[in-house]
1. I need every pair where a residue in the stretch 231-242 that is closer than 11 Å to Ala181 by Cβ and of a type in the set (D, E, K, R) has its Cβ under 8 Å from the Cβ of a residue that is at pLDDT below 95 and crowded, with 19+ Cβ neighbours inside 10 Å, sequence separation at least 6 or different chains.
2. If you take the residues of the stretch 207-233 that are in contact with a Lys or Arg (Cβ under 6 Å, 6 or more places away or on another chain) and of a type outside the set (A, V, I, L, M), which of them is nearest to Ser264 (Cα to Cα)?
3. Yes or no: the stretch 228-239 includes at least one residue that is surrounded by fewer than 16 Cβ atoms within 10 Å (Cβ to Cβ), of a type in the set (Asp, Glu) and over 20 Å from Arg153 (Cβ atoms).
4. Condition first: within 28 Å of Ala160 (Cβ to Cβ) and within 23 Å of the chain's Cα centre (by Cα). Can you find one or more residues in the stretch 241-260 that meet it?
5. When the residues of the stretch 404-441 are filtered to those that are modelled with pLDDT under 85 and β-branched (Val, Ile, Thr), which remaining residue is surrounded by the most Cβ atoms within 10 Å (Cβ to Cβ)?
6. For Thr32, which of the numbered conditions (1) within 30 Å of Asp300 (Cβ to Cβ); (2) at pLDDT 95 or above fails to hold?
7. Inside the stretch 29-129, counting only helices (runs of 4 or more DSSP H) that do not spill past its ends, which hold 3 or more residues that are buried (at least 16 other Cβ atoms within 10 Å of the Cβ) and touching a residue at least 24 places away in the same chain (Cβ under 8 Å)?
8. Answer yes or no as to whether Arg354 is among the basic types (Lys, Arg), under 30 Å from Gln91 (Cα atoms) and touching a strand residue (DSSP E or B) at 6+ places or on another chain (Cβ under 6 Å).
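The values are calculated or read from the model by the stated rules, or taken from the named source; none is laboratory data. Bear in mind that the values here come from a model prediction, so they are computed numbers and not experimental data. For neighbour counting, all protein chains shown are included, and Cβ atoms are generated from backbone atoms with ideal geometry for every residue, glycine included.
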Amino acid sequence: MTTWRDEARIALDAFADRAAGLVNPTVRLGVTGLSRAGKTVFITALVHNLLHGGRLPMFAAARGGRLAGARLEHQPDDAVPRFQYEDHVAQLVDARVWPDSTRAISELRVVIEFESASAWNRLVSRGRLTLDIVDYPGEWLLDLPLLAKDYRRFSAEAVALARDGTRADEAGPWLSIAAAAKPGDAYDEMTARRLAEGFTAYLRACKADHLALSTLPPGRFLMPGDLDGSPALTFAPLPDLGDAPFAPGSLAALFERRYEAYKSLVVKPFFREHIARLDRQIVLVDAMQALNAGPDAVADLERALGEILICFRPGARGALAGLFGHRIDKVLIAATKADHLHHDSHDRLQALTRHLVDKAADQAGVSGAHVEVMALAAVRATREGTAKAGGEHLPVIIGAPIAGETIDGKAFDGETETAIFPGDLPDDPESMLKNGASVRFVRFRPPRLDQGSPAIKLSLPHIRLDRALEFLIGDRLA
């Protein structure tokens, strides 16, 4: 995936980070996930609960009264946008709307003051940990496997995937254009544009809720940013390329050059400057949406998880590896939106996610990393109750569905709270994968928080955010 020059630069960056960490202990936490999994909400809720002393009973430093406080500081990377925490809090708390999805990389620095659990450490000094949170789109992460593939392999795999299962209908228009294009024909910019636009439209269609597919590289085709319209994004896979060298000046030769430019100008810098410097990583997935979309979406999520685990260069690091061969030593895969289910089904959602992760890890040959799985809701939008129906008491969740959401033809106005029986997930993960699950998914507005009483500590409610914190940074606050 990387050349010796890349590895040398990564080693120098790792050495510099480690040297700085001796003076100012720092954890670089990567937060990513697949579409609409709730990355922005997770970061906002995590920081809000740290700053405001939220209820975190499973976070050992908080439970033991050892957290002295937390504050925001300016981020160290001046060329990276700041995560707009204050804006997102206002959206969640005041407007009660969910923030927009992550569209680019951003960072936020939180400094945590704490008392060490060790009496000796308390004698030396008060504990201080700098938490640098790096937020980036999961679509960009799934570009990293491209570094190990040439244009022929990328094309062959992309075309084969496009012809399979539920993708085939969405890929039809692009595949028709691609079939008519001759790889050996002289390069024509309008043909190149039509192919790139058709391929991008296919990727966007696959990302829609009814398909909920996850493996959609190249990621910048969906989130081009300032590269929109550039030659580095004006290429597409081509079918039936064969093994013969591409003729100079041909369409295939041009696409091969642009594909390699995409890797060198977009993917490698992202890996070297951001991913290779991470210490800990959380990956958020919307397993329920994939489950609801059907077996193809679940299989695609499993495929994406396998590629993600490889991307993180996982593995425990020894003394020299920690200085010169930086490795992520903890990875958390979190199934989000647990608040859309009754707590009786939380363990089953976690079991389903663990099943997918284990299968993906086996296929990817991942070993050495401490990979944990849990079900959580960074911001809990519902509460639980019981409703009587047909002489039977049913466990329900209560909240305000987003305006326009419907159940059995009834549309909600976004203000009225309602009790919904979401259904139960089966006990057996394999049964869920084969037969699906009869669960009712409705999107809820963020909860209404009581801001009137100064005696009430305002912090965003959650499910297992404290356990996520304990896994990700608890050992650094011991």
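1. So the pair list comes out as Asp240/Pro183.
2. Pro231
3. Scanning the stretch 228-239 turns up at least one residue that is surrounded by fewer than 16 Cβ atoms within 10 Å (Cβ to Cβ), of a type in the set (Asp, Glu) and over 20 Å from Arg153 (Cβ atoms).
4. Taking the stretch 241-260 and keeping what is within 28 Å of Ala160 (Cβ to Cβ), we get 241-260.
Then drop every residue that is not within 23 Å of the chain's Cα centre (by Cα), which leaves none.
Looking through the stretch 241-260, none of the residues is within 28 Å of Ala160 (Cβ to Cβ) and within 23 Å of the chain's Cα centre (by Cα).
5. Only one residue fits best here, namely Val439.
6. The one condition Thr32 does not meet is (2).
7. Details: elements: 39-51, 60-63, 85-89, 119-124.
Passing ranges, in order: 39-51, 60-63, 85-89.
8. On the way: among the basic types (Lys, Arg): yes; under 30 Å from Gln91 (Cα atoms): no; touching a strand residue (DSSP E or B) at 6+ places or on another chain (Cβ under 6 Å): yes.
In short, no.
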